[in-house]
Structure formats: C-alpha cells, structure tokens
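Let me begin by presenting the structure, written as structure tokens, before commenting on it.
Bear in mind these aren't lab numbers, they're just calculated from the coordinates by the rules spelled out. In this text the structure is predicted, and so the values were computed from the model without any measurement. Note that each Cβ is placed from the backbone with ideal geometry, even for glycine, and that neighbours are counted across all protein chains shown.
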Amino acid sequence: MTLFISPSTASAPGANLADVFKGLGLNTLPPSLPHLLEEARLQQLSYEAFLHQVLSVELRGRQQRALEQRLRRARLPFPARLETFDFSFQPTVSERLIRELASLTFLQTATNVLLLGPPGVGKTHLACALALSALEAGYTALFTTLRQLAAAVLSPGPRGGMAALRSLSQPKLLVIDEVGYTRLTVEQASALFDLVATRYERGSIILTSNLSFAEWGSLLGDDVLATALLDRLLHHAEVISINGRSYRMRHRMLADQPTDKRADIRNHSQNKGNETSGAN
Ligand code: ADP
Ligand code: MG
C-alpha cells in the first residue's frame with residue numbers, strides 16, 4: 001500500500017511557515033527571516049542567491065551551537081588563546097612550533113604534545129589555546145587534570161572505572177594537565193597506561209608536567225610500566241621544554257628590581273598588556 005501525505009499538511013502555500021521550519025528542525029532561521037525577505041526584495045536577489053543566503057544563516061547557527069556544545073563538553077578551565085600568549089616573555093617557547101601546532105596537523109597524525117616546565121610558565125595556557133583551536137576547527141576535545149583522571153578511574157559511580165576510561169579515549173584531543181602533582185596507586189597507574197595505549201596512534205594527547213622523564217617511575221610506582229608508557233607517549237610526539245620564569249610571579253620580580261630596571265620591565269609589560277588585553 002502506498003501512503004501519501006496531504007500537501008496541505010506540509011508545504012501548501014499559506015501553510016504556516018513557522019511550522020514548516022519547525023518540521024525541518026530549522027531553528028536559527030525564523031527570527032531573521034522577515035529581515036532577509038525585506039533585504040532580498042530591496043536587492044532583487046535571484047531565487048538561487050536568496051536560497052543560499054537563508055540556508056547559510058541556518059548553517060552558521062547550527063555550527064555555532066555545535067561549537068558551544070563541544071566547548072561545554074571539553075571543560076577547559078579557561079578559554080586561553082595563542083593571541084594572548086606573550087612569546088617574548090617566554091623565549092624558550094618556539095612561536096613557530098606553537099603556530100605550526102595550531103594548524104592542527106598533529107591531530108591528523110595522532111601526534112602527542114608534551115609541555116614540560118616549572119609552574120607558571122604557561123603550560124596550561126598553551127594546552128588550552130591548542131584545544132580551543134581544535135574545537136573551533138570542529139574536533140572534539142576534553143580537558144582533565146591527572147588528579148581528576150586518577151579519581152575518575154577509581155570512582156565506583158556509573159561514570160567511573162571503565163566508563164571514565166572510555167570517555168577519556170573518545171575525544172580527538174585529550175589534555176592531561178598537571179602530571180606530577182599526584183602520585184598514582186597501582187590501579188591508577190595501570191589505568192593511565194591503558195588510556196595512553198588505547199589512544200596510541202588514534203588520538204592525540206597534550207600533556208603538561210613539571211616532571212622530568214626520569215621521575216615517571218616514581219609517579220607510577222613502577223619503572224617498567226613508566227618505560228612502556230613513555231615509549232608509546234613519545235613515539236609520535238613534540239616535546240616542548242619551557243625553561244623560563246613564572247608569568248604569575250612577574251609582578252613580584254618587578255618589586256625585586258632596582259628602580260631604573262623597574263621602569264623598563266613595567267614598560268615592557270604595559271606594551272604587552274595593550275597588545276594582549278583580555279589575557280586569560
Ligand atoms: P602553568 O600551567 O605552566 O603553571 P599557566 O598556563 O597556568 O602556567 O599560566 C599561569 C597564568 O599566567 C595563566 O593565567 C596564563 O594565562 C598566564 N600566562 C602564563 N604565561 C604567559 C605568557 N607567556 N603570556 C601571557 N600569559 C601567560
Ligand atoms: Mg598549569
């Protein structure tokens with residue numbers, strides 16, 4: 001038996017346009033339609049140009065909502081951007097390499113990025129900025145600290161254990177921040193190994209740490225496991241060692257300087273502040 005939908009229910013002229021949009025799931029378009037129609041009349045747009053214009057409005061709206069959803073799910077601690085990173089303050093960071101990473105080819109090759117260095121040098125800032133670029137380019141990303149990861153894999157709740165490991169395996173980019181502040185139990189160390197092994201050659205990890213590789217044995221409580229984990233993590237990886245001053249302590253440094261030097265540093269920070277207003 002062939003079934004027909006009466007034209008009057010769906011698309012007859014005079015049917016409520018809002019209902020047609022609703023039926024098609026077009027949510028962005030309705031509020032801007034009167035304005036678009038008016039513009040089309042004034043500019044005498046062709047049917048094709050008008051169709052292109054209205055559908056583009058809907059498409060942009062959908063892309064924006066999808067980005068907002070990816071951004072919420074990524075749980076970035078702050079929306080840092082490369083534009084607000086003062087490379088002149090941290091000369092051991094290669095701006096060229098960071099900009100190349102921001103082109104995101106590392107995600108296509110499942111290359112990892114390790115940002116190593118003492119507190120305050122901008123590791124989390126750079127990790128978040130790269131994650132934000134990835135989200136804006138349409139990739140999925142998730143930010144976690146090693147402490148949160150370690151707690152999640154031991155949690156008995158429905159989102160803990162294997163479920164936590166699965167959700168950490170899925171995003172195209174996983175950021176694991178602050179590796180080194182939490183010593184892991186045997187179970188947690190083995191979960192971290194499983195995660196790195198699962199993502200190996202499938203999805204990139206950006207990892208930040210204040211530890212040298214020699215200290216990973218004591219982090220995981222097992223030298224053999226640490227070697228096997230680092231082997232996978234470093235096989236396809238960019239390692240960025242930042243040997244610089246803490247950005248958080250820059251005002252303290254200013255106070256410690258003789259008066260004539262203070263003026264130089266202050267001028268430098270102010271110039272940078274103007275260039276990078278909105279930092280963080
Ligand atoms: P880390 O993770 O290495 O401890 P963060 O990335 O958390 O350091 O940096 C500490 C604060 O200083 C953040 O608010 C960050 O945005 C800012 N910051 C660090 N380095 C720079 C820099 N070179 N330029 C601008 N802001 C920076
Ligand atoms: Mg940090």
The relative contact order of the chain, taking Cα pairs under 8 Å that sit 6 or more residues apart, comes to a percentage of 23
Among HIS235, HIS125, HIS35, whose mean-square fluctuation peaks in a Gaussian network model of the chain (Cα, cutoff 10 Å)? HIS35
Cα centroid separation, segment 212-243 to segment 121-194 (Å): 16
Hey, in the GNM for the chain with a 10 angstrom Cα cutoff, which one of PRO119, PRO77, PRO34 fluctuates hardest? PRO34
Once both axes come from the Cα atoms, what is the angle between helix 47-74 and the longest principal axis of the chain, in degrees from 0 to 90, rounded to 10? 30
Each residue of segment 92-109 in order: what ³J(HN,Hα) in whole Hz does its phi give by Karplus 6.51 cos²θ - 1.76 cosθ + 1.60, θ = phi - 60°, with x for Gly and Pro? 7, 8, 7, 4, 4, 5, 5, 5, 5, 4, 5, 6, 6, 5, 4, 6, 5, 9
Just to check I understand the Karplus step: with θ = phi - 60° and J = 6.51 cos²θ - 1.76 cosθ + 1.60, what whole-Hz values come out for segment 18-35, glycine and proline as x? 4, 5, 5, 4, 4, x, 8, x, 8, 9, 7, 5, x, x, 8, 4, x, 5
What's the angle, to the nearest 10 degrees (0 to 90), between helix 223-235's Cα axis and the longest principal axis of the chain? 50
How large is the charge dipole for the chain, taken about the Cα centre, if only the Cβ atoms of Lys, Arg (+1) and Asp, Glu (-1) carry charge, to the nearest 20 debye? 480
Tell me the angle of helix 123-136 to the major Cα principal axis of the chain, expressed in degrees between 0 and 90 and rounded to the nearest ten. 20
For n ≥ 4 DSSP H runs only, could you compute -39500 (n - 2.57) per run for the chain, divide by its residues and tell me the 222 nm figure to the nearest 500? -17000 deg cm²/dmol
GNM, the chain, Cα, under 10 Å: largest mean-square fluctuation among LEU55, LEU82, LEU135? LEU55
